1. Just the residues that are assigned to a strand (DSSP E or B) and of a type in the set (D, E, K, R), please, taken from the range 48-106.
2. For F151, are the conditions met, namely being more than 14 Å from the chain's Cα centre (by Cα) and either among the β-branched types (V, I, T) or outside any loop (DSSP other than H, G, I, E, B) (or both)?
3. In the range 43-78, which residue that is open to solvent by 50 Å² or more (accessible area, probe 1.4 Å) and of a type in the set (V, I, T) is modelled with the lowest pLDDT?
4. Is the range 14-27 home to any residue that is open to solvent by less than 30 Å² (accessible area, probe 1.4 Å), modelled with pLDDT under 95 and not β-branched (V, I, T)?
5. Taking L142 as the residue in question, decide whether it is within 27 Å of T75 (Cβ to Cβ) and either polar (S, T, N, Q) or surrounded by 15 or more Cβ atoms within 10 Å (Cβ to Cβ) (or both).
6. Test E106 against the stated conditions and say whether it is under 19 Å from S173 (Cβ atoms) and either open to solvent by 60 Å² or more (accessible area, probe 1.4 Å) or acidic (D, E) (or both).
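The values are calculated or read from the model by the stated rules, or taken from the named source; none is laboratory data. The shown structure was predicted, so the numbers you read here are calculated from the model rather than taken from an experiment. Methodologically, a virtual Cβ is constructed for each residue, glycine included, from the backbone with ideal geometry; neighbour enumeration extends over all protein chains shown. Areas reflect the complete protein model, heavy atoms only, side chains present, ligands, DNA and RNA absent. Shrake-Rupley method; radii C 1.70, N 1.55, O 1.52, S 1.80 Å.
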Amino acid sequence: MKNILVLVEGQTEERFIKDVLAPHLWSRGKHPIPSVITTKRVKSGNDFTGGFTGYGKVENDLRRLLQDTAAVSVTTFIDYYALPSDFPGMDSRPVDNPLGRVRHVEATWRKHVDHPRFRPYLMVHEFEALLFSKPDELCNALSQPQKLDKFKAIRDEFASPEDINDSPITAPSKRIIGIIPAYQKVVYGALVSKRIGLEVLRNECPHFSEWLGWLESL
């Protein structure tokens, strides 16, 4: 079994790796191990994890993970939406479509870290984009089937859920909360994505599918 270390943004992404991605990859001889970004280290007790305001904390954790020579690769599972401006590539993003901008940041980041076992992955635009792959599962999980038409209308505006944009008003998570205020990422994120299933997620979200295909090929 090949270990793959995945630096994730928070508990939702951690649960997604454990509950959705890992069972799929186990049958292919890969074992993804999530590690939540450490925001503060303490001398005793548990470190503070989840959420970050700058690139420094992320790079520190990446360098630590890359020291594990037993891992075949180190990757990330982090939102592009609201990514801190000091991330490699953020200040030189081209005028392009969202995916082109994300690919630029990923490529610059990979070059900056400069390690053969590192490949970054940024979600376009954030984790909640995945949930628009099958809106009925989101509505059913929150017992709000009457809201389905609103989610379908949003989904139909875009070629892919990954194209749902990154304004503070129209980002995927903001749209969900605007329709169903009871939505909580940590409670429902991994649950809904598991109900949707990886096959649908990869069919709807090409950048996610590309990353998953790379994981399978390791």
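1. Within the range 48-106, just D79 meets the criteria.
2. Numbers: more than 14 Å from the chain's Cα centre (by Cα): yes; either among the β-branched types (V, I, T) or outside any loop (DSSP other than H, G, I, E, B) (or both): yes.
Spelling it out, F151 is indeed more than 14 Å from the chain's Cα centre (by Cα) and either among the β-branched types (V, I, T) or outside any loop (DSSP other than H, G, I, E, B) (or both).
3. Among those that are open to solvent by 50 Å² or more (accessible area, probe 1.4 Å) and of a type in the set (V, I, T), it is T49.
4. Filtering the range 14-27 for residues open to solvent by less than 30 Å² (accessible area, probe 1.4 Å) gives 16-17, 20-22, 25.
Subset that is modelled with pLDDT under 95: none.
No, every residue in the range 14-27 fails to be open to solvent by less than 30 Å² (accessible area, probe 1.4 Å), modelled with pLDDT under 95 and not β-branched (V, I, T).
5. no
6. Values: under 19 Å from S173 (Cβ atoms): no; either open to solvent by 60 Å² or more (accessible area, probe 1.4 Å) or acidic (D, E) (or both): yes.
Taking the combined requirement at face value, the residue does not satisfy it.
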